[in-house]
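Presented below is the structure to which this report refers.
The values are calculated or read from the model by the stated rules, or taken from the named source; none is laboratory data. What you are looking at is a predicted structure, and each value in this text was computed from that prediction instead of being measured. Because the Cβ atoms are built from the backbone with ideal geometry, glycine has one as well, and the counts that use them run over all protein chains shown.
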Amino acid sequence: MDKKWLFLPQLAGGADLALLLARLVVGAFLIFGVWDNIVSTERMAEFEKFLGVKGFAMPHLMAPLSVWAQFLVGIAFVAGFATRWAGLVCAFNFMVALVMVDAPLGIRPAFPAAALVLFGLIFATIGAGRISLDSMLWRKAPS
């Protein structure tokens with residue numbers, strides 16, 4: 001009796017679509033999550049103050065750095081451009097957030113940051129998949 005069905009090999013054909021959907025959802029989440037800080041100096045000032053209270057060095061520099069990193073990573077994920085680099089930046093940014101802010105709050109509050117660390121690592125190691133700018137550019141790159 002053939003036991004291949006136990007491993008559902010027919011689902012492997014949907015890997016690129018699954019990566020695309022994951023990139024779109026995570027990227028849109030990152031963009032949406034920082035948009036208010038980008039368009040509002042008051043919201044950015046609130047974030048700077050929050051980072052200061054949490055013990056971050058130079059919150060006046062760290063706040064915009066984190067906000068713009070998340071925004072650009074979100075765009076990169078949506079487009080599937082420089083996805084491995086964006087994944088590394090995402091993982092690093094949210095590892096810092098996890099250690100400095102979320103971990104002491106417990107598993108439930110820390111889960112979003114932990115998930116973003118993992119998504120960053122997944123995209124950094126697997127890449128964007130075939131439905132991406134990375135794939136289009138890679139195919140056209142000279143060897």
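Each row is one residue, and each column tells you yes or no for (1) in contact with a Lys or Arg (Cβ under 9 Å, 6 or more places away or on another chain); (2) surrounded by 17 or more Cβ atoms within 10 Å (Cβ to Cβ); (3) free of Cβ contacts under 8 Å to residues at least 40 places away in the same chain.
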position	(1), (2), (3)
11	no, no, yes
24	no, no, no
28	no, no, no
45	no, no, yes
59	yes, yes, yes
87	no, yes, yes
Pick from segment 125-143 the residues that are under 16 Å from the mean Cα position of the chain (by Cα) and surrounded by fewer than 18 Cβ atoms within 10 Å (Cβ to Cβ): which of them is nearest to residue 53 (Cα to Cα)? 125
Can we say residue 36 is surrounded by 11 or more Cβ atoms within 10 Å (Cβ to Cβ), more than 17 Å from the chain's Cα centre (by Cα) and not basic (Lys, Arg)? yes
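Can you give me the number of residues within segment 47-57 that are loosely packed, with under 15 Cβ neighbours inside 10 Å and under 27 Å from residue 119 (Cα atoms)?
Qualifying residue count for the region: 4.
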If only one of 94, 77 is under 23 Å from residue 128 (Cβ atoms), surrounded by 15 or more Cβ atoms within 10 Å (Cβ to Cβ) and either in contact with a Lys or Arg (Cβ under 6 Å, 6 or more places away or on another chain) or at pLDDT below 95 (or both), which one is it? 77
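Looking at segment 1-46 only, could you name the residues that are assigned to a helix (DSSP H, G or I) and among the acidic types (Asp, Glu)?
Of segment 1-46, the ones assigned to a helix (DSSP H, G or I) are 4-7, 9-39, 41-46.
Correct list: 16, 36, 42, 46.
Based on this model, can you work out whether residue 75 counts as within 16 Å of residue 16 (Cβ to Cβ) and either in contact with a helix residue (DSSP H, G or I) (Cβ under 7 Å, 6 or more places away or on another chain) or part of a helix (DSSP H, G or I) (or both)? Spell out the reasoning first.
Numbers: within 16 Å of residue 16 (Cβ to Cβ): no; either in contact with a helix residue (DSSP H, G or I) (Cβ under 7 Å, 6 or more places away or on another chain) or part of a helix (DSSP H, G or I) (or both): yes.
When the stated conditions are applied, residue 75 does not pass them.
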Filter pass, residue 115 being assigned to a helix (DSSP H, G or I), surrounded by fewer than 16 Cβ atoms within 10 Å (Cβ to Cβ) and not β-branched (Val, Ile, Thr): yes
Per the filter on segment 45-63, residues within 19 Å of residue 95 (Cβ to Cβ) and not charged (D, E, K, R) are 47, 50, 51, 55, 56, 57, 58, 59, 61, 62, 63
Restricting the first residue to segment 92-112 and requiring it to be closer than 17 Å to residue 51 by Cα, which pairs with a second residue that is charged (D, E, K, R) and not in a helix (DSSP H, G or I) meet a Cβ separation below 6 Å and a spacing of at least six or different chains? 100/54; 101/54
